[in-house]
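The values are calculated or read from the model by the stated rules, or taken from the named source; none is laboratory data. Nothing here was measured: the structure is a model prediction, and the numbers come from that model. Here the Cβ positions follow ideal geometry from the backbone for every residue, glycine too, while neighbour counts run over all protein chains shown. In case anyone asks, the SASA skips ligands and DNA or RNA and just uses the protein heavy atoms, side chains included. Shrake-Rupley method; radii C 1.70, N 1.55, O 1.52, S 1.80 Å.
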Amino acid sequence: MIPLNFYLILSAFMFCVGVLGVLVRRNAIVVFMCIELMLNSVNLSLIAFSSYLGDPTGQMLVFFVMTVAAAEAAVGLAIIIALFRNKQTVNIDEINILKW
Amino acid sequence: MNFEQIVFYLLAAVSAASAVLMILQRNPVNSALFLILNFFCLGGLYLTLHAQFIAMVQVLVYAGAIMVLFLFVIMLLSLGDERRLKESLGWKAYTAIALTAGLLSELFYIFVPSTQTFTSQSANAAQMGTVEYIGTVLFTKFLFPFEVTSLLLLAAIVGAVILAKKKIQ
């Protein structure tokens, strides 16, 4: 059998890759995809815990995380389209109009 | 090594590699395709954890719907090659790599030594992932969050349409 912490190590690694992508990449869409990667790595650890503890609440939480991620993707991509229409770029270094 | 371990190591290796390759790609279309591969591998890992319903939803909603939306927007904006975008950050990138390495080592410090506890899955894990069981729990214990979800999706639809519209009167 595979111990629980193998799944947690994989989840931690994927989460860190997502964090690195958000911090290093400049393309807004790639940053957004890295956020999806982080959501998925947390989903993996939730399902692993759910399965090893025998509690369905983890799987329910993943179900709701997926719903929120779908809503977030739709709204976030609409924001990126609106930004691109105004500034002709998706470089997050040039999108600084909210910066004081 | 038995079949279960082979499947786990294969899926884990492919998902970790595709996650790394995703952030290394210059072209956002390639990044999106590697992310789809990652989502498929995660679906397989959910199957090894006996979460059949969530595995199917993962493939249909994430690898299907959400990533198609991403690819659609990438192609709509015709970003194509990212080389015009300045990616060299200098000290900021090194700081980011150092911070991420710190986070990763902290997480590994917590997770790696704890092999003694939870070495096998729960006895009722196999029947817990079925559509019947998920549906029963979803429509009894989690009925209110489920209904609130429909409101959230409605708000997201309205928000997306308003934001992506050409001009707001």
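For the stretch B:130-169, the Stokes-Einstein estimate of translational diffusion at 10 °C and a viscosity of 1.306 mPa s comes to 130 µm²/s, using the Kirkwood hydrodynamic radius over alpha-carbon pairs. Backbone geometry of the stretch B:130-137 corresponds, through the Karplus equation with coefficients 6.51, -1.76 and 1.60 at θ = phi - 60°, to 3J(HN,Hα) couplings of 6, 4, 4, 5, 4, x, 4, 5 Hz, x marking Gly and Pro.
Once backbone amide H atoms are built at 1.01 Å from N, residue A:25 has no partners under 5 Å, excluding neighbours fewer than 5 places away on the same chain. Can you bin the protein assembly as shown into rounded, prolate or oblate? Criterion: square roots of the alpha carbon gyration tensor eigenvalues sorted a ≥ b ≥ c, rounded for a/c under 1.5, prolate for a/b above b/c, oblate for the rest. Oblate, since a/c reaches 1.5 and b/c is not below a/b.
Can you give me the C-alpha center-to-center distance between the stretch A:8-77 and the stretch B:1-18, rounded to a whole angstrom? After rounding, the separation between the Cα centres reads 19 Å. The overall shape of the stretch B:1-151, judged from the alpha-carbon gyration tensor, is oblate: a/c is not under 1.5, and a/b is no greater than b/c. Along the stretch B:64-74 the Karplus relation, 6.51 cos²θ - 1.76 cosθ + 1.60 evaluated at θ = phi - 60°, assigns HN-Hα couplings of x, 5, 5, 6, 5, 4, 4, 4, 4, 5, 4 Hz to successive residues, with x for each Gly and Pro.
Tell me, what is the FRET efficiency for residue B:117 and residue B:59 to the nearest 0.05, using R0 = 35 angstrom and their Cβ-Cβ distance as r? Result of the calculation: an efficiency of 0.65. In the context of the full protein assembly, residue A:8 retains an accessible surface of approximately 10 Å², using a probe radius of 1.4 Å and ignoring ligands and nucleic acids. Taking every alpha-carbon pair under 8 Å whose residues sit at least 6 apart, chain B reaches a relative contact order of 21 percent. The mean of 1/r over all distinct Cα pairs in chain A, once inverted, gives the Kirkwood hydrodynamic radius of 15.2 Å. Share of pairwise Cα-Cα distances greater than 17 Å in the stretch A:43-90 is 52 percent (whole percent). The angle between the Cα long axis of helix A:28-53 and the main principal axis of chain A comes to about 10°, on a 0 to 90 degree scale. Probe 1.4 Å, all protein chains in place: accessible area of residue A:67 in Å², nearest 10? Roll a 1.4 Å probe over it and residue A:67 shows about 20 Å². Looking at the stretch B:1-139, the accessible area is 55 square angstrom per residue; that uses a 1.4 Å probe and ignores ligands, DNA and RNA.
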